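A short write-up of the structure that comes next.
The values are calculated or read from the model by the stated rules, or taken from the named source; none is laboratory data. Quantities reported herein were computed from a predicted structural model and do not represent experimental measurements. Positions of Cβ are backbone-derived with ideal geometry, glycine not excepted, and every protein chain shown enters the neighbour counts.
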Amino acid sequence: MFPLQQRLHLQADRIEAVLAVHKAPVRVTGGRVTPRTIQFQLAPAPTTKISRVEQLAEEIALALGVSAARIVREQGALHVEIPRRDARLLAFQTLVTQLRQDARVHQALRVPGTVLLGLTPEGLPLLVRLGSADAPHLLIAGTTGSGKSQAARSILASLVLFQPEREMQLLIVDPKGSDFLGFADMPHLLCPPVSDAETARERLEWLTDEMTRRQQARVTRPHIVALLDELADLLMQGGSALETLLTRLTQRGRSAGISIVACTQKPTARVMGNLVTANFPARLVGKVTSAHEALVASGMAKSGAEKLAGRGDFLLIANGEKTRVQIAHLPRADEDALRQTMGRR
């Protein structure tokens, strides 16, 4: 095994050689190593078409001996991105410990509805404020193994860790009844996690009534975040009544301090109908199975979500822009530590 620096130089040479053979010459001018990926920055020759480089992603992957290569255009630059063989997960607790040293980030996380997603490729923490104009609600989409449920758990963890229950409350709908057990006894919960469609409909009816009451009273606190896992299955079981409730909540909830976080592993046009398209401007998209699913899930052409590495490798789509993020990983053991922390408050 070559040392990392030498291996990077060899890979850069191979990228240049492959593209030269296919008459799309480039120079590798730099790069960036993240916990999950390696990016090589390209300077195409004046005669090289970007579309031609994009067509050669599989040839590049084969030459480098990796499972996939992703051609990325970011901030006016062109990159080849490949997965690291020694990829590491981003530990939620480690990230939180680091961020506690940054007073500005720590203060931002105390604003009701603000969630910590993870780190950008530049190593910067990525925060999203649910209920803001750009992210009134959040859709999380990704196939099995993408890290979708992990993303939802990290969001919940950041909410309960940094925001007191008098400022932020939770409603969890978990049809599988297993992914969010660690949050079942958190003081922020309005009720125990719900696992069946009929009870979910009853809870959303209450939430709709609460929204109306708040609007009439002109109050927005405490902020309520409703997490709905397996959105496609819920809509299938709950029918039009459940969809109508969700539509009302996503259309009018922001003004009442209510945000919806919905997860789906089936980002198809049938599932992602008018409810999602019109009312979820912010999307967190993990690896999907095809370019078509990537388009439907992200609402953005050529997002590249079908070429993500999985296991927490996501794109945040908000305000018409996409941001790469490595989702913070929260093991079960850390959920136990989180409960202990809450118990000492």
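A quick yes/no check of all residues on (1) under 22 Å from Ser154 (Cβ atoms); (2) touching a residue at least 24 places away in the same chain (Cβ under 8 Å); (3) polar (S, T, N, Q):
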position	(1), (2), (3)
His223	yes, yes, no
Met236	no, no, no
Gly239	no, no, no
Ser259	yes, yes, yes
Thr268	no, yes, yes
Pro281	yes, yes, no
Val288	yes, yes, no
Gly312	yes, yes, no
Arg324	yes, yes, no
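Scanning the stretch 212-248 for residues that are surrounded by fewer than 23 Cβ atoms within 10 Å (Cβ to Cβ), at pLDDT 95 or above and in contact with a strand residue (DSSP E or B) (Cβ under 7 Å, 6 or more places away or on another chain) turns up Pro222, His223.
Scanning the stretch 19-59 for residues that are in contact with a strand residue (DSSP E or B) (Cβ under 9 Å, 6 or more places away or on another chain) and assigned to a loop (DSSP other than H, G, I, E, B), we see that the one that is farthest from Lys307 (Cα to Cα) is Ala45.
Taking the stretch 70-91 as the range and being more than 15 Å from Thr37 (Cβ to Cβ) and at pLDDT 90 or above as the test, only Leu78 passes. Is it the case that Arg70 is out of contact with any Phe, Trp or Tyr (no Cβ under 9 Å at 6 or more places or on another chain), among the charged types (D, E, K, R), touching a residue at least 12 places away in the same chain (Cβ under 8 Å) and buried (at least 20 other Cβ atoms within 10 Å of the Cβ)? So Arg70 passes the test.
Among residues of the stretch 111-138 that are assigned by TED's automatic domain parsing to the domain that holds Ser298, those with a Cβ under 6 angstrom from a residue that is basic (Lys, Arg), sequence gap 6+ or separate chain, pair up as Gly113/Arg129; Thr114/Arg129; Pro121/Arg324; Gly131/Arg254; Pro136/Arg254.
In the stretch 179-237, the qualifying residues are those that are among the hydroxyl-bearing types (Ser, Thr, Tyr) and in a helix (DSSP H, G or I), and the one that is farthest from Arg252 (Cα to Cα) is Thr199.
Given the options Ala157, Ala151, name the one that is assigned by TED's automatic domain parsing to the domain that holds Asp196, part of a helix (DSSP H, G or I), under 14 Å from His188 (Cα atoms) and touching a residue at least 12 places away in the same chain (Cβ under 8 Å).
So the residue among Ala157, Ala151 that is assigned by TED's automatic domain parsing to the domain that holds Asp196, part of a helix (DSSP H, G or I), under 14 Å from His188 (Cα atoms) and touching a residue at least 12 places away in the same chain (Cβ under 8 Å) is Ala157.
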